[in-house]
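Please read the structure below before turning to the comments.
Here, each number is a calculation from the coordinates, and none is a lab measurement. These figures come from a predicted structure and were not determined experimentally. Every residue, glycine as well, gets a Cβ built from its backbone with ideal geometry; the counts of neighbours run over all protein chains shown.
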């Protein structure tokens, strides 16, 4: 009978899921790759399954590693100096605190500053459990991707990698530990400073902060399921890192809506006047300087 090492299976599934997620992100999950609504729906399903698989396998691998660490030779552990044991436990605790900061505390702070958390608390009339579950879904599905795609990724990704060293460290490295503690403090301070500058830039006026007008063109042709142009549909774009910075306008008689935007990562959607239009997709666009993007979007009444 063939025995399967679930530890390596977890790693393999994690790597495969990551590969599928990014391949899908560049193909079926990318509105610049296809405008076919069926393929886009498939891309959304594949992306969601891959993301869920990444989360499950990541948790499995981490739990598996922690389990193996607990089986560490008792004799070897007893040979360690008590002060070294304390240092190792402190490092592991710091690693877990980094995860809590990155995936729980900081996303909640970001949601509060963007007004998302307040809207969830005001609109959710269910139980406390349902509110918490919905908040977790928003963090995983919206807030975390937005944060890690924002300029904050320069500090978040190194912090995330650094957390693995602290969590899985088995020995004391005095000089290296001091350097990494210093790096941890610097990255956290820079992350908070950058987030503060994004949400509260003091050097720009209120009007400049709100404006996303620029020289880069985004043209979206809105059509119904029969591929007929759909006029007078209120379409909107907003910065993913700061949804309060957005603009809306109605499509013309040819169904086209044109936005002149600054470089950035935007989400396309519909305004309140177009709430009766069920969306087959809400595409996102990474707009770079000097770029013109033209695409089509199929909606149905």
Mean separation of Cα contacts under 8 Å, 6 or more apart, over the residue count of the range 80-200: relative contact order %: 41
Simple label model, 7 Å out from Cα along Cβ direction - residue 171 to residue 134, nm: 5.2
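Between residue 11 and residue 228, how high is the FRET efficiency from 1/(1 + (r/R0)^6) when r is the Cβ-Cβ distance and R₀ = 35 Å? Nearest 0.05. Intermediate values should be presented prior to the final figure.
On the way: r = 50 Å, r/R0 = 1.42.
According to the calculation, E is roughly 0.10.
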Using alpha carbons only, what's the Rg to Rh ratio of the range 80-200 with Rh from Kirkwood? 1.07
Between residue 48 and residue 194, what is the spin-label point distance in nm, taking each point 7 Å from the Cα along the Cα→C-beta axis? 3.1
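What order do you get for 197, 146, 53 when you list them from fewest to most C-beta neighbours inside 10 Å?
Numbers: 197 13, 146 23, 53 17.
By the 10 Å Cβ count, ascending: 197, 53, 146.
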Quick check for you: which residues of the range 14-53 have the amide N under 13 Å from the point 7 Å beyond the Cα of residue 59 toward its beta carbon? 52-53
